[in-house]
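Written below as structure tokens is the structure these notes are about.
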Amino acid sequence: MTITKNVDHNTLRITLEGRLDTNTAPQLEAELKSSTGGISELIFDFSGLDYISSAGLRVLLAAQKTMNKQGKMTILHVNETIMEVFEITGFVDILTIA
Amino acid sequence: MAGTAAYRKSTDHPDRLQQDEAFLRKAFHASLLPCILSILSQNINILADGILVGQRIGTDGLSAISLCVPVYLVLCVIGSFLVSGTAIQASKAIGRQQSEKSQEMYQTAVWSCIAASLVVTATGFFLSRPLTALLCSDPAIRPLVWEYTSITLIGALPKILIYVPFWFLRMDGRAKMVARMMLVMGVGNIVLDLLFLYPLDLGIGGAAWASVISTAIACAMGFFCLCGRDSGFRLGRRCITSLQDWKNIAADGSPSALNNIFQTLRLLAVNTLLMEAGGSQLVAAFTAVNCISAFSLSIVDGVPQAASAMLGIYSGERDNGSAALLIRREWRTGIWCCGAFAAVVILCADGIAFVYGLPLSLRFAMVCLSAGMFPALGCTILSGYYNVSGHVRWANTIILCRVFLASAVSLYAALALDLSPWWFLVLSELITLLLWYAATTIYHRHHPERTRYLLMDRSLEEAGQVVNFSVSGDTEQICQASQKIADFCRENQMNPRQVMRISLAIEEVMTMIVQENPGTAVRFDVRVFSLQEALGIRIRYDGKAYNPFDQRKPHDEQYLGIQLIADMMETIVYQRTFGVNTVQLLL
């Protein structure tokens with residue numbers, strides 16, 4: 001999975017490409033831990049993301065809980081198959097998806 | 001070494017998913033030793049029984065037991081016919097995810113054995129005098145024959161019923177329990193023989209009761225296990241009634257029954273030919289050779305027996321890749337076992353002759369017997385596979401040829417050509433394999449859609465509708481497999497939703513199973529299929545008995561992935577058979 005970070009003032013934009021699975025989720029988790037300090041807006045761009053599993057969902061959930069205290073989190077350009085995962089798991093009600 | 005890959009183009013694309021034999025090798029080897037020990041303990045029991053009766057009662061007692069063999073044979077034929085037929089049908093039903101049908105087959109096995117034993121006992125009692133007269137023409141030992149036969153017929157129920165735990169416990173993955181059962185039967189028979197023949201001095205009747213009681217105890221042990229909480233089989237009152245089902249049972253049970261019948265015919269034919277050629281000395285030598293040959297069956301028959309439950313399930317699933325890998329493994333393991341056995345019997349040939357009090361050397365006989373084990377193993381592996389895969393006529397023909405026809409013909413030819421008679425031990429097996437080779441050549445010309453030797457229908461694999469692959473219990477390997485399967489899915493015109501579901505199922509289910517087996521190197525065999533009537537995935541795994549969908553808690557984060565899969569799938573079926581777990585998910 002490729003993670004591209006872009007920081008603009010207090011906004012952190014993370015673009016993911018590839019698969020967010022059990023293998024790659026720790027990589028994203030580590031990036032978030034090191035990058036979300038002092039950030040008031042976190043944006044995920046899923047335009048290049050093909051696949052997400054429960055390991056990835058847990059990382060998103062943890063990020064959402066953190067950003068609930070600091071500001072807000074948004075997920076952009078979610079494809080149909082990943083949207084279905086969000087719907088089935090109820091994450092569509094927890095996350096802000098644009 | 002990588003096994004057969006059912007996924008086409010695997011040789012062109014080394015990064016494609018492939019199946020290896022690591023998983024099924026482990027399951028096969030777990031079953032192998034108990035199967036070998038079961039047959040060995042049975043033969044040791046027969047040997048010890050003969051020695052004790054001969055020592056205590058004398059040649060009259062031994063003759064009486066020998067004359068009663070046809071009665072014992074009838075019980076073996078009935079038991080093996082009914083139970084092997086129902087057991088093979090049950091394993092195929094498991095492979096087709098028809099668990100209720102497999103339960104019905106188990107219950108049919110039990111009730112049909114009970115009914116058959118009651119009929120045999122009643123008929124035998126009613127006709128005991130004429131039966132004894134038929135078995136024994138010598139009035140001096142006829143009372144002994146009558147006594148032994150009557151008690152054997154009273155004990156028909158355990159002698160027939162014991163086949164049920166023998167087959168179904170192995171299918172349940174408890175081959176070790178079968179070995180313990182056979183050990184109890186063997187040791188129990190010897191202990192009771194000593195008790196009944198010596199302190200209680202019950203004569204030939206005591207020997208018969210020892211056999212019946214020890215079999216009954218072993219049978220009870222087996223059923224206690226089969227009726228336990230952990231058993232995959234449930235006792236009930238159902239019995240199949242469909243004529244087609246009974247025809248299938250008869251077909252699947254026929255090779256086992258015919259094997260018993262042809263073994264006896266072979267014995268009669270060989271004894272007759274050897275008596276004519278070399279008199280009682282040659283027949284006596286054959287008695288010793290035949291005894292060692294019976295021990296060799298622990299490998300020649302034990303190897304295919306260890307694989308039979310798995311092959312039945314693979315056959316029901318039309319999983320040709322796994323079946324082919326398993327057959328190759330049977331052969332590779334079997335030849336090592338044959339080699340070890342051959343080394344021992346050849347080295348001990350002189351000792352065997354000495355123990356039997358034979359004046360002639362048995363070395364050449366043992367060399368022939370040992371050399372014959374290798375083609376014999378090939379024949380039994382083939383007939384075992386053909387039996388469970390629906391090619392019953394092929395199985396029966398191989399059995400008829402190697403056990404009786406080729407044996408009698410090659411012995412006759414050896415004697416006629418003034419060669420050593422022991423050549424028949426090798427030639428009968430080689431002739432059978434040659435005839436099989438010729439027959440499959442002709443068959444393949446008329447049925448090119450079938451594979452050359454195993455006659456498999458690979459239409460699903462050729463059409464790319466199924467793929468088999470193996471995955472080790474390692475997160476990286478699991479995620480890679482989850483990614484790679486997407487290629488197969490797209491080639492089978494699955495839509496993106498379906499591709500995602502299959503990929504997710506592989507990752508979520510396997511990851512959960514690995515987490516539940518900490519410190520254990522779990523292995524997975526996976527089959528993904530895209531058929532007209534079904535689209536899904538079958539995951540088979542070792543490790544402890546565990547159904548990942550059984551204990552999920554809906555709001556627990558740990559089970560998020562499993563809950564996701566449960567919500568995505570149309571049907572989820574879990575089974576535990578031959579000691580391994582299987583989860584099948586249908587979209």
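The values are calculated or read from the model by the stated rules, or taken from the named source; none is laboratory data. Quick caveat, the model's predicted, so the values are computed rather than measured. Note that we place each Cβ from the backbone using ideal geometry, even for glycine, and neighbour counts take in every protein chain shown. SASA here: full protein model, heavy atoms, side chains in, ligands and nucleic acids out. Shrake-Rupley method; radii C 1.70, N 1.55, O 1.52, S 1.80 Å.
Quote the charge dipole size of the protein assembly as shown about the Cα centre in Debye, to the nearest 20; the model charges only the Cβ of Lys and Arg (+1) and of Asp and Glu (-1).
Values: 53 positive and 55 negative charges, 179 e Å.
The dipole of the protein assembly as shown has a size of about 860 debye.
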Share, in percent, of DSSP beta bridges within the range A:2-94 that are antiparallel, nearest 5: 35
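Given the pairs A:LYS72/B:LYS484; A:LYS65/B:LYS544; B:LYS101/B:LYS484; B:LYS159/B:LYS544; A:LYS33/B:LYS484; B:LYS26/B:LYS92, which span a C-alpha to C-alpha distance of over 27 angstrom in this model?
Values: A:LYS72/B:LYS484 36 Å; A:LYS65/B:LYS544 36 Å; B:LYS101/B:LYS484 35 Å; B:LYS159/B:LYS544 34 Å; A:LYS33/B:LYS484 30 Å; B:LYS26/B:LYS92 21 Å.
Where the Cα-Cα span goes over 27 Å, the pairs concerned are A:LYS72/B:LYS484; A:LYS65/B:LYS544; B:LYS101/B:LYS484; B:LYS159/B:LYS544; A:LYS33/B:LYS484.
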Cubic angstrom per residue, convex hull over Cα atoms of the range B:464-586: 103
Heavy atoms of B:PHE529: accessible area, 1.4 Å probe, square angstrom to 10: 20
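Quick one: ranking B:LEU192, B:LEU347 by accessible area, 1.4 Å probe, largest first, what do you get? Before the final figure, lay out the partial values.
Values: B:LEU192 30, B:LEU347 140 Å².
Ranked list, largest accessible area first: B:LEU347, B:LEU192.
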Estimated dipole of chain B in Debye, rounded to 20 [Cβ of Lys and Arg +1, of Asp and Glu -1, Cα centre]: 440
Calculated log₁₀ intensity ratio I(q)/I(0) where the Debye formula runs over C-alpha points of chain B, q = 0.10, 0.12, 0.13 Å⁻¹: -0.90, -1.22, -1.38
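How well do other chains shield peptide B:348-355, expressed as the mean number of their Cβ atoms within 10 Å of each residue Cβ? Display every interim value, and only then the final one.
Numbers: counts 0, 0, 0, 0, 0, 0, 0, 0.
If you average over the peptide's residues, the count of other-chain Cβ atoms is 0.
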Solvent-accessible area buried by pairing B with A, both sides, nearest 100 square angstrom, 1.4 angstrom probe: 1700
Hz values of 3J(HN,Hα) by residue in the range B:439-454 - Karplus curve (6.51, -1.76, 1.60), Gly and Pro given as x: 5, 5, 4, 5, 4, 5, 5, 7, 10, x, 6, 8, 6, 4, 10, 9
Residues along the range A:63-96 losing 40 Å² or more of accessible surface when the other protein chains are present rather than the chain by itself (probe 1.4 Å): A:THR81, A:GLU84, A:VAL85, A:ILE88
Residues in the range B:562-583 occluded by at least 40 Å² - accessible area, probe radius 1.4 Å, against chain by itself: B:LEU564
Chain B: angle of helix B:175-197 to the longest principal axis, Cα-based, in degrees nearest 10: 20
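Restricting to the protein assembly as shown, what percent of DSSP beta bridges are antiparallel, rounded to 5? Spell out each step's value before the answer.
Values: 36 of 51 bridges.
Here the antiparallel bridges make up roughly 70 percent for the protein assembly as shown.
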In Hz, Karplus ³J(HN,Hα) per residue of the range B:495-510 (6.51, -1.76, 1.60; θ = phi - 60°; x = Gly, Pro): 7, x, 4, 5, 4, 4, 5, 5, 4, 5, 4, 4, 5, 5, 5, 5
Accessible area per residue, Å², chain B with all protein chains present, probe 1.4 Å: 42
Apportionment of accessible area to carbon and sulfur, the range B:254-462, percent (1.4 Å): 68
Listed residues A:SER53, A:THR4, B:GLN103: farthest to the positive end of the dipole of the protein assembly as shown (Cβ charges): B:GLN103
Theoretical ellipticity at 222 nm over chain B - DSSP helices of four or more residues, -39500 (n - 2.57) apiece, nearest 500: -24000 deg cm²/dmol
Solvent exposure ordering (accessible area, 1.4 Å, most first) of A:THR24, B:THR571: B:THR571, A:THR24
Cut-off 13 Å, label 7 Å out along Cα→Cβ of B:HIS446, residues of the range B:390-427 by amide N: B:394
Carbon plus sulfur fraction of accessible area for the range B:154-215, probe 1.4 Å, in percent: 75
Nearest-10 value in Å² for the accessible area of B:HIS29, using the 1.4 Å probe: 80
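Once you compute Rg and the Kirkwood Rh from C-alpha atoms, what is the Rg to Rh ratio for the range B:39-241?
Values: Rg = 18.0 Å, Rh = 17.7 Å.
Radius of gyration relative to Kirkwood radius: 1.02.
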Average beta-carbon neighbours from other chains, 10 Å sphere, peptide A:49-57: 6
Percent carbon-and-sulfur accessible area, the range B:43-84, ignoring ligands, DNA and RNA, probe 1.4 Å: 69
